[in-house]
Amino acid sequence: LTLENSGSVARDHLASERTFLAYARTSLTIASTGVALVQLFTLSAETDLHMQRFARPLGALMIALGMVTLGVGVMRYFLIQDALVRGVYPVARISTGALSFVLFVVIIVVF
């Protein structure tokens, strides 16, 4: 895909790439948090069996949430790329709100 750089075309596409990289960075952080939670609850000598029972499902949930975040980022990147070619820009409200809500719920459950 090659576009004529008139106005802010290049700037807009580069901004879209930076946003995708932010989604990728966020998904890596969420997945790493899942691994860290499993390690924390499993290796800690002071944890009882009740907390260890929830460590793996919670870690798996965080890793899955990281993968979902990456999927949303990839879909959003191609949606924005297509929209910029057509000269429009869709606003992201539902995906960012849903991801924020789910992360907030997970934080409340963990702590």
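The values are calculated or read from the model by the stated rules, or taken from the named source; none is laboratory data. Everything numeric in this text was worked out from a predicted model, so none of it was measured. All Cβ positions, glycine included, derive from the backbone under ideal geometry; neighbour counts span all protein chains shown. For accessibility, only protein heavy atoms count, side chains too; no ligands or nucleic acids. Shrake-Rupley method; radii C 1.70, N 1.55, O 1.52, S 1.80 Å.
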Open item on the list: Given the options Leu1, Leu14, name the one that is in a loop (DSSP other than H, G, I, E, B) and either modelled with pLDDT of 90 or more or over 17 Å from Phe111 (Cβ atoms) (or both).
Closed with: Leu1
Open item on the list: Just to be sure before I move on: is Gly59 in a helix (DSSP H, G or I) and in contact with a Leu (Cβ under 7 Å, 6 or more places away or on another chain) in the structure I sent?
Closed with: yes
Open item on the list: Give all pairs with beta carbons closer than 7 Å in which a residue from the range 78-99 that is in contact (Cβ under 8 Å) with a residue 12 or more places away in the chain meets a residue that is surrounded by fewer than 12 Cβ atoms within 10 Å (Cβ to Cβ) and polar (S, T, N, Q); count only pairs at least 6 apart in sequence or on separate chains.
Closed with: none
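Restricting attention to the range 63-111, and to residues there that are among the charged types (D, E, K, R) and over 12 Å from the mean Cα position of the chain (by Cα), which single residue is least open to solvent (accessible area, probe 1.4 Å)?
Asp82
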Open item on the list: Cβ-Cβ distance below 6 Å, separation of 6 or more or different chains: which pairs start in the range 27-45 with a residue that is free of Cβ contacts under 8 Å to residues at least 40 places away in the same chain and end on one that is part of a helix (DSSP H, G or I) and small (Gly, Ala, Ser)?
Closed with: Ala31/Gly66; Gly34/Gly59; Val38/Ala55; Val38/Gly59; Phe41/Ala55; Thr42/Ala55
TODO: Those residues that are more than 25 Å from Val9 (Cα to Cα) and hydroxyl-bearing (Ser, Thr, Tyr), I need them from the range 52-99; list them, please.
DONE: Thr69
Open item on the list: What's the total number of residues in the range 17-56 that are open to solvent by 40 Å² or more (accessible area, probe 1.4 Å), farther than 21 Å from Leu79 by Cα and assigned to a helix (DSSP H, G or I)?
Closed with: 17
Open item on the list: Can you confirm whether Gly59 is in contact with a Gly (Cβ under 8 Å, 6 or more places away or on another chain), of a type outside the set (A, V, I, L, M) and closer than 13 Å to Ser27 by Cα?
Closed with: no
Task: Odd one out for Val110 among (1) in contact (Cβ under 8 Å) with a residue 40 or more places away in the chain; (2) over 18 Å from Gln39 (Cα atoms) - done: (2)
